[in-house]
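Below is one structure, written out as structure tokens, with a few remarks after it.
The values are calculated or read from the model by the stated rules, or taken from the named source; none is laboratory data. Only a predicted model underlies this, so the values are computations on that prediction, with no experimental measurement involved. Don't worry about glycine lacking a Cβ; one is built from the backbone with ideal geometry, like all the others, and counts go over all protein chains shown.
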Amino acid sequence: MKRPAAGIVEDSQSLQTSDMLCHKKEVDILGLEEEILELAKKHGWNVELRRKHGRRIQDLVLEREGLVLVVQVKDLSSPAGPKAVSQARQDYQEYLMDLVKHRLGLIVVPVLVSHDFSQKAKRRASSYRVKCYMPAELERLLV
């Protein structure tokens, strides 16, 4: 019987280790979500756990007396970086858009008007769902 090359065995072991670490992080994060959920309930907050609003699933949405906290949960064993901040911002924006649409019946659209747009600006606008119009294009929409 042919034995696998040493590199393949090492890769297989590192994949198993990687899978275990990913599973541990998932368990840690779910544990932290549950911890925050229980803490919020203890202090009288209404809690939604892992519910979809718009296109994103927010980890936790806490609501009490007119205040809403849209909570992004990250593993405590490593510092949260800029990507986590961006995810929290995106969750917040998606929650707001869903809230305005479903509770108030409004659709709010961010618009940028200019005589020209760089390709980079167009890509960023697309990712942020900002509509870009030249003045004449906007006028046609407003008529």
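Restricting attention to segment 129-143, the residues being assigned to a helix (DSSP H, G or I) and surrounded by fewer than 13 Cβ atoms within 10 Å (Cβ to Cβ) number 7. Checked against the criterion of being at pLDDT 85 or above, of a type in the set (A, V, I, L, M, F, W, C) and either part of a helix (DSSP H, G or I) or outside the structural domain of GLU38 (by TED's automatic domain parsing) (or both), segment 70-81 contains not a single residue that satisfies it. Annotation: ILE57 fulfils all but one of (1) assigned to a strand (DSSP E or B); (2) under 18 Å from GLU35 (Cα atoms); the unmet one is (2). One residue stands out among those in segment 63-101 that are over 19 Å from ILE36 (Cα atoms) and among the acidic types (Asp, Glu): the one that is surrounded by the fewest Cβ atoms within 10 Å (Cβ to Cβ), which is ASP98.
Matching residues to (1) touching a strand residue (DSSP E or B) at 6+ places or on another chain (Cβ under 8 Å); (2) of a type in the set (Val, Ile, Thr); (3) loosely packed, with under 12 Cβ neighbours inside 10 Å:
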position: LYS42; (1), (2), (3): no, no, yes
position: VAL47; (1), (2), (3): yes, yes, no
position: VAL61; (1), (2), (3): yes, yes, no
position: ARG103; (1), (2), (3): no, no, yes
position: LEU106; (1), (2), (3): no, no, yes
position: PHE117; (1), (2), (3): yes, no, no
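Okay, residues lined up against (1) among the hydroxyl-bearing types (Ser, Thr, Tyr); (2) not in a helix (DSSP H, G or I):
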residue	(1), (2)
LYS83	no, no
SER86	yes, no
GLU94	no, no
LYS101	no, no
VAL109	no, yes
LEU112	no, yes
LYS122	no, no
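Only one entry in ALA121, ALA84 is assigned by TED's automatic domain parsing to the domain that holds LYS52 and of a type in the set (Gly, Ala, Ser), namely ALA84. Just checking, does segment 10-28 include any residue being surrounded by 11 or more Cβ atoms within 10 Å (Cβ to Cβ) and at pLDDT 75 or above? Among the residues of segment 10-28, not one is surrounded by 11 or more Cβ atoms within 10 Å (Cβ to Cβ) and at pLDDT 75 or above, which makes the answer no.
Results for (1) at pLDDT below 85; (2) closer than 29 Å to LEU67 by Cβ; (3) of a type in the set (Lys, Arg), shown as yes or no for each residue.
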{"site": "HIS102", "(1), (2), (3)": "yes, yes, no"}
{"site": "ILE107", "(1), (2), (3)": "yes, yes, no"}
{"site": "SER126", "(1), (2), (3)": "no, no, no"}
{"site": "VAL130", "(1), (2), (3)": "no, yes, no"}
{"site": "PRO135", "(1), (2), (3)": "no, no, no"}
{"site": "LEU138", "(1), (2), (3)": "no, no, no"}
